Amino acid sequence: MAIFLGIDGGGSKTSCAIGDEASLLGSGTAGGSNVIRVGEERAREALSAAIRQACTVANVTPAQVQRACVGMAGAARPEISEVVRRLVAEIISAEIEVVGDMVIALEAAFGGGPGVVVIAGTGSIAYGQDSAGQSARAGGWGFAISDEGSGHWIGRSAIAAALRAFDEAPAGNSPLFAAMMRFWRVETREQFVLVANGSPPPDFAALLSIVLSAADAGDPLARTVLTQAGAELAAIAKIVIRRLFPEADTVPVAMSGGVFRNSALVRQVFYNSLRSEYPKATITPTVIDPVRGALELARKRVRS
């Protein structure tokens, strides 16, 4: 029995799936392993933990893995893909392919067929492929200048919105700002601003859960930020649709990542904005799991 392994290495979470030719045998999760975001040592620890956990659940050893596919943001850069390949090779001796995170997400959503997938996790990107195999992307140029609608963008935007609200009404903190202060364990606005402007920058994506909880409680600032996130994610999807499907009758679209998974408001705004311009877009209602695409690509390369 051939054993295959797929990995989705995100900035906040690493997912690993192990299967045979047809079935999922086991899975594992660990912290973020995106080398650009967390560095080589933390990536090594997360990849090792996720792989070994999946092997334990599947009742196989790492030595039994025949082929692996790893999806990770930034993998189009050879220096990144080589680091990732080396780290995974410390654990398994199989053939290892490293591809972009959007490649495994597209595979999970459409199985190699045409469509557009929008990823909104720690970072964000829209990626698509038409029936002729032509591909296009939008966004995903890094957290400092792009990644609109991502967890990082939402955290940073929530801080900006809360500080603007203070500028307009200095009498008190908004509930969202008070929750973020508690999360960062600071007592004054001045301390908060120092953390936000620190070097290296703080993990803005970690504030996503705070923004989501505030939005669920009805906080208007949090809901405004999430509404803007949904619109931004729809905007990059529209760019890819215009480039790849200018005259198509239908356009398959899928969502991936923790922002979509955890925010019904982001999903609804994304859906409404996209359908207002592309009423024939068919948006998969469930948020897809990219690690399944990585596992399937590991299988496919052997079949071919």
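Just so you know, all these numbers are worked out from the coordinates, no wet-lab data involved. Worth saying up front: this structure is predicted, and the values here are computed from it rather than measured. Virtual Cβ from ideal backbone geometry, glycine too; neighbours counted across all protein chains shown.
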Requested in this report: Rounded to the nearest 10 degrees, what's the angle between the helix 151-168 long axis and the longest principal axis of the chain, both from Cα atoms, 0 to 90?
Outcome: 0 degrees
Query raised in the report: In deg cm²/dmol and to the nearest 500, what is the mean residue ellipticity at 222 nm of the chain if only DSSP H runs of at least 4 residues count, each as -39500 (n - 2.57), divided by the residue total?
Result: -15000 deg cm²/dmol
Query raised in the report: Among rounded, prolate and oblate, which fits segment 33-114 when a ≥ b ≥ c are the square roots of the eigenvalues of its C-alpha gyration tensor, a/c under 1.5 means rounded, and a/b larger than b/c means prolate?
Result: oblate
Query raised in the report: Which whole-number percentage describes the relative contact order of segment 3-99, with Cα contacts under 8 Å and a sequence gap of 6 or more?
Result: 28 percent
Query raised in the report: Between segment 216-254 and segment 127-161, how many Å separate their Cα centres?
Result: 11 Å
Report summary line: Between R189 and D20, the two model label points (7 Å from Cα along the beta-carbon direction) sit apart by a distance in nm of 6.4 nm
Query raised in the report: Hey, with R₀ at 41 Å, roughly what FRET efficiency would V57 and S213 work out to, going by the Cβ-Cβ distance, to 0.05?
Result: 0.85
Requested in this report: Give the residue from P62, G151, G32 lying farthest towards the positive end of the charge dipole for the chain; charges sit on Cβ (+1 for Lys and Arg, -1 for Asp and Glu) and the dipole is referred to the Cα centre.
Outcome: P62
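Determine the relative contact order of the chain: mean sequence separation of Cα pairs under 8 Å and six or more apart, normalised by residue count, in whole percent.
21 percent
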Query - Cα-based helix-to-principal-axis angle, 78-89 vs the chain, degrees rounded to 10 - result: 60 degrees
Requested in this report: May I ask you to derive the FRET efficiency for D249 and K300 from their Cβ-Cβ distance with R0 = 22 Å, giving the value to the nearest 0.05?
Outcome: 0.20
Requested in this report: When a/c is below 1.5 the answer is rounded, else prolate if a/b is larger than b/c, else oblate, so apply that to segment 112-286 with a ≥ b ≥ c taken from the square roots of the Cα gyration tensor eigenvalues.
Outcome: prolate
**Report entry** Where only alpha carbons of the chain are counted, the Rg and the Dmax (Å)
**Finding:** 20.0, 67
Report summary line: Quick calc, segment 112-286, dipole around Cα centre from Cβ unit charges on Lys, Arg (+) and Asp, Glu (-), nearest 20 debye, gives 200 debye
Query - Rounded tilt (10° steps) of 290-303 against the dominant C-alpha axis of the chain - result: 20 degrees
Query raised in the report: Going by how many other beta carbons lie within 10 Å of each one, how would you line up F177, F192, F166, fewest first?
Result: F166, F192, F177
